[in-house]
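Here is the structure we will look at.
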Amino acid sequence: MFQRLRARMGKTSDKQPEALDRDNIPEHIAIIMDGNGRWAKSRGLPRVAGHHSGMKAVKRITMAADRLGVKYLTLYAFSTENWKRPKAEVEFLMKLPQEFLAIELQELIDNNVQVRMMGYKQDLPEHTLSAVEEAVRQTEDNTGLVLNFALNYGSRKEMIEAVRLIGEDIRSGRLAPADIQESHLEKSLLSSGLPDPDLLIRTSGELRLSNFMLWQLAYSEMWFTDVYWPEFSEEHFYEAIREYQRRARRYGGL
Ligand code: V0D
């Protein structure tokens, strides 16, 4: 595919894009999909038009990740803080999983993608939760890309809940305080069973973690772009991975 792309570019530029190294694709990529509202505003559209357009980018990047052989793709779709947004906007957002899955679930199944959700289910509207859970159920035996939606996710809450579970193990005498290890926290996080992300991507120019996977991102490479999420293309995605690979080669030389 890249050979064809490069052949097509042919003589139009003599500085060809650095090729992706197919043997060093990040296993787990996490993305903060920021800039949907700003994208809409820049075009004189309502914010919800940006969210809707952002859904198309979710599809585009999921398929690109799958083709590249990424094993886990975690997308920050809705944070525990996002409930503070105007009620109408929250209601619109909560319809997106159903809409996305109605259009895309069959193709995800055809591509052996496994859908997962990482977040607090209890506060979600029933119509949202049932759509997501049905997709999770229908794809749970798939062995391809794990598409992990962080939905009503917040990292500090996740860590507090993990500490609470450890507290219960201590109270019951199953665990002594002196024996607490990283592994105890890890297995109590919502991300248990996933490897830590190798690469974090955040779009739309903000250079913060915004309560996203604070524990899990401790050693991850980070890549930021000013591009708004609805405009994030396969080429931007490849650029992030190329930069990840350049950094890996640099460390390799040390
Ligand atoms: C809006 C940009 C897909 C970020 C992407 C409820 C903001 C589009 C989903 C989705 C959202 C979630 C779970 C699932 C299938 C699809 C989604 C939300 C927002 C928040 F199983 N896009 N998307 N969920 N946006």
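The values are calculated or read from the model by the stated rules, or taken from the named source; none is laboratory data. Only a predicted model underlies this, so the values are computations on that prediction, with no experimental measurement involved. Note: ideal-geometry Cβ built from the backbone for every residue, glycine included; neighbour counts use all protein chains shown.
Counting only helices (runs of 4 or more DSSP H) that fall entirely inside the range 1-108 and contain at least 3 residues that are at pLDDT below 95 and more than 16 Å from residue 236 (Cα to Cα), the qualifying elements are 2-9. Residues in the range 72-84 that are more than 9 Å from the ligand (Cβ to nearest atom) and either in contact (Cβ under 8 Å) with a residue 24 or more places away in the chain or touching a Leu at 6+ places or on another chain (Cβ under 8 Å) (or both) were compared, and the one that is farthest from residue 213 (Cα to Cα) is 83. Name the pairs: first residue in the range 30-47 and over 20 Å from residue 191 (Cβ atoms), second residue within 9 Å of the ligand (Cβ to nearest atom) and at pLDDT below 95, Cβ to Cβ under 7 Å, at least 6 apart or on different chains? Once the first residue is over 20 Å from residue 191 (Cβ atoms) and sits in the range 30-47, no partner that is within 9 Å of the ligand (Cβ to nearest atom) and at pLDDT below 95 comes close enough. Residue count for the range 204-254 under the criterion of being touching a Phe, Trp or Tyr at 6+ places or on another chain (Cβ under 6 Å) and within 16 Å of the ligand (Cβ to nearest atom): the result is 4. For residue 150, the criteria (1) part of a helix (DSSP H, G or I); (2) under 24 Å from residue 64 (Cα atoms) hold in every case but one, which is (1). Among the residues of the range 206-244, the ones that are among the polar types (S, T, N, Q), closer than 26 Å to residue 186 by Cβ and surrounded by 16 or more Cβ atoms within 10 Å (Cβ to Cβ) come to 3 in all. Of all residues in the range 104-117, none satisfies the criterion of being free of Cβ contacts under 8 Å to residues at least 12 places away in the same chain and within 11 Å of the ligand (Cβ to nearest atom).
Within the bounds of the range 123-146, is there any residue that is in contact with a Gly (Cβ under 9 Å, 6 or more places away or on another chain) and either near the ligand (Cβ under 10 Å from one of its atoms) or farther than 27 Å from residue 196 by Cα (or both)?
No, the conditions are met nowhere in the range 123-146.
Scanning the range 57-71 for residues that are within 16 Å of residue 34 (Cβ to Cβ) and either surrounded by fewer than 22 Cβ atoms within 10 Å (Cβ to Cβ) or within 9 Å of the ligand (Cβ to nearest atom) (or both) yields 57, 58.
Note on the range 105-137: residues that are within 21 Å of residue 69 (Cα to Cα) and out of contact with any helix residue (DSSP H, G or I) (no Cβ under 7 Å at 6 or more places or on another chain) total 5. Listed residues 135, 162; which is more than 30 Å from residue 251 (Cα to Cα), under 18 Å from the mean Cα position of the chain (by Cα), of a type in the set (Gly, Ala, Ser) and not in a strand (DSSP E or B)? Checking each option against the conditions leaves just 135. Answer yes or no: is there a residue in the range 39-47 that is touching a His at 6+ places or on another chain (Cβ under 6 Å) and either within 14 Å of the ligand (Cβ to nearest atom) or not charged (D, E, K, R) (or both). Looking through the range 39-47, none of the residues is touching a His at 6+ places or on another chain (Cβ under 6 Å) and either within 14 Å of the ligand (Cβ to nearest atom) or not charged (D, E, K, R) (or both). Considering (1) more than 16 Å from the ligand (Cβ to nearest atom); (2) more than 25 Å from residue 94 (Cα to Cα), the lone condition that residue 155 does not fulfil carries the number (2).
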